[in-house]
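What follows is calculated from the coordinates using simple rules that are stated; it is not laboratory data. Predicted, not measured: the structure shown is a model, and the values here were computed from it. Backbone-built Cβ (ideal geometry, glycine too); neighbour counts: all protein chains shown.
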Amino acid sequence: MSSPKNAILTIGNQQIELPIITGTEGEKAIDLSDLRKNTGFVTYDPSLMNTAVCKSSITYVNGEKGILCYRGIPIERLIKDGVSFVQIAYLLVHGNLPNSSEGKAFSQLLNVNSLMHEDMRHFFDLYPRGAHPMHILSTMINALAVYYPNVDLLSLKEDIDISSARLISTVRTMAAFAYKKSLGEPIVYPRNDLSYCANFLNMMFDSPVAPYHISEQDVRLLNVLLILHADHEQNCSTTTVRTIGSAQVNLYATISAGISALSGPLHGGANQAVMEMLRKIQKDGNIKKFFDKVKDKNNPARLMGFGHRVYKTFDPRARIIKAECTRYFQERHITDPLLQVAFELEKAALTDDYFISRNLYPNVDFYSGILYRALGIPEKMFTVMFALARLPGWIAHWREMIGANTRIVRPRQVYIGKKCRIPSCNSDKSGVN
Ligand code: SDX
């Protein structure tokens, strides 16, 4: 039976037809664009759980089947084909994987833009020691608009490659500098002879007294982790970017806002929170006691790295990251007791009715921290890694939103406050009764 072209909404004795939009993968949406104009009604959907805020061609997520595709290509295929993070960045921003000349030109742009303005180095000296790198990153990205002022809309649309490359490359340098600063160690500059991931690892771990040996396994693993975090359709931080960008705020300030949204423990901050949770459980040695806390409505404890607004089955990224844990630890002949705790925790949760009945499965953050730790990346940098990876996704969505001449985002509300005392015509002139 063919699906209806319109939905019928009956309000009292008024009946209106609302067009039905069908997405590429068959998802259905009721177009409410003219609802208020035709009925005076708005819809009420707090947290936008049932609302598509845009049409997008960048990423497809199917939460029931656990599917994630970038520009139509399943992530499992991209990982299997050994595509690099830089190629994925190009795919997300431009819509296709780069051919050899496009790839060379984009890598060249990344190299040319890998240094941040030398004056920006002094920013780090102004931060108190122990400042969280996400706060530093958000501030410094905002400041890029001061050092690279051609961020008005027109130039950015035309220079999208330069502005994308500057963000993707410079932010990687900023992140590594922030880490070195936090250690009180001399910063390590990017090198044009290294790939994106090798450069980052070198800037993080090279030192004048102990040269860093770049391992191909580490470079490969970092590519995989960044690819898996590169985009995820209308998540909280991407919706923030699209919303702020709709006011025609410059790209750097828009991305700075995305970073702030991502830093929340319910969003990108979860990978760091998972490690803290695993250590607590390892110390207590009592998963059941922890689960009792999580199930207690009066206790704010959550099984971090589990659950998802969209995935009601395994997050496909969690499956890949879990397999990478086994592969990497075997290749490097290392172990991590926290990985065993994570395996046991997952097994216990997947057989516990509280989690099963709520469709709570491991998400991208459950195992990722264990691999970042194995690469030597400190926990305070885990969410920074998420931000580095998500940059191409944010830029792609910003570009798509600008390209569609999106009107400024301004939702409505249902007012439930005090009755407005509208001054009547005989009230005193001040208008206050
Ligand atoms: C990311 O959106 C994206 O795509 C995000 C992301 C991306 O790539 O951009 O995928 C990245 O943010 C992954 C999520 C990382 N966050 C965490 O791991 C934090 C722990 N997870 C939860 O806080 C929660 O699952 C959310 C925030 C991820 C989703 O929250 P929802 O969709 O609002 O779910 P909910 O709070 O309405 O929960 C429904 C029920 C509730 O129980 P009841 O009221 O029905 O009894 O499930 C329970 C919740 O209490 N629940 C959990 C839980 N997650 C939900 N209970 C214990 N532990 C959890 N983790």
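Quick rundown of the values:
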item	result
Label-zone membership for region 370-397, site ASN96, 7 angstrom Cα→C-beta point, backbone N under 17 Å	none
Förster-model FRET efficiency, 51 Å R0, TYR354 and SER424, C-beta, rounded to 0.05	0.35
Gain upon complete extension [GLU344, ILE214; 0.36 nm per residue less C-alpha separation]	43.6 nm
Mean ellipticity per residue at 222 nm, deg cm²/dmol - from DSSP H runs of n ≥ 4 across the chain, formula -39500 (n - 2.57)	-15500 deg cm²/dmol
Per-bin percent of Cα-Cα distances, region 279-433 [5 Å]	1, 7, 12, 14, 14, 11, 9, 7, 6, 5, 4, 4, 3, 2, 1, 1, 0, 0
Average Cα contact separation per residue, region 26-171, under 8 Å, 6 or more apart, as relative contact order %	17
Cα-based Rg of region 266-355 normalised by 2.2 N^0.38 Å, two decimals	1.12
Over region 138-285, relative contact order from alpha-carbon pairs under 8 Å, at least 6 apart, %	28
Sequence-distant lysines (8 or more away, or on other chains) whose Cα lies within less than 22 Å of LYS380	LYS180, LYS181, LYS280, LYS283, LYS322
Cβ-based exposure ranking for GLU216, GLU76, in which fewest neighbours within 10 Å come first	GLU216, GLU76
Per-bin percent of Cα-Cα distances, region 356-416 [10 Å]	16, 25, 24, 27, 6, 0
Centre separation in Å (Cα based) which lies between region 94-146 and region 22-51	38
From phi via Karplus (6.51, -1.76, 1.60), per-residue ³J(HN,Hα) for region 72-86 in Hz, x at Gly/Pro	x, 9, x, 5, 4, 5, 4, 5, 4, 7, x, 5, 8, 4, 5
Rh by Kirkwood over Cα pairs, then Stokes-Einstein D for the chain at 1.567 mPa s and 4 °C, µm²/s	54
Mean projected area in nm² (Cα convex hull; one quarter of hull surface) for region 308-352	3.6
Highest-MSF residue in the chain out of LEU68, LEU225, LEU126 [GNM, Cα springs under 10 Å]	LEU126
Fraction of the pair-distance distribution of region 1-105 above 22 Å, Cα-Cα pairs, percent	52
Approximate spin-label separation THR313-ASN405, in nm, with each point projected 7 Å along Cα-to-Cβ	4.1
Ranked list, fewest to most other Cβ atoms within 10 Å of each Cβ, for HIS333, HIS229	HIS333, HIS229
In region 330-433, chymotrypsin sites (Phe, Trp or Tyr not before Pro) in a DSSP loop with at most 13 other beta-carbon atoms within 10 Å	TYR415
Computed FRET value (nearest 0.05) for ILE20 with ASP45, which takes r as the C-beta separation and R₀ as 22 Å	0.80
Mean separation of Cα contacts under 8 Å (6+ apart) over length of the chain, as relative contact order %	20
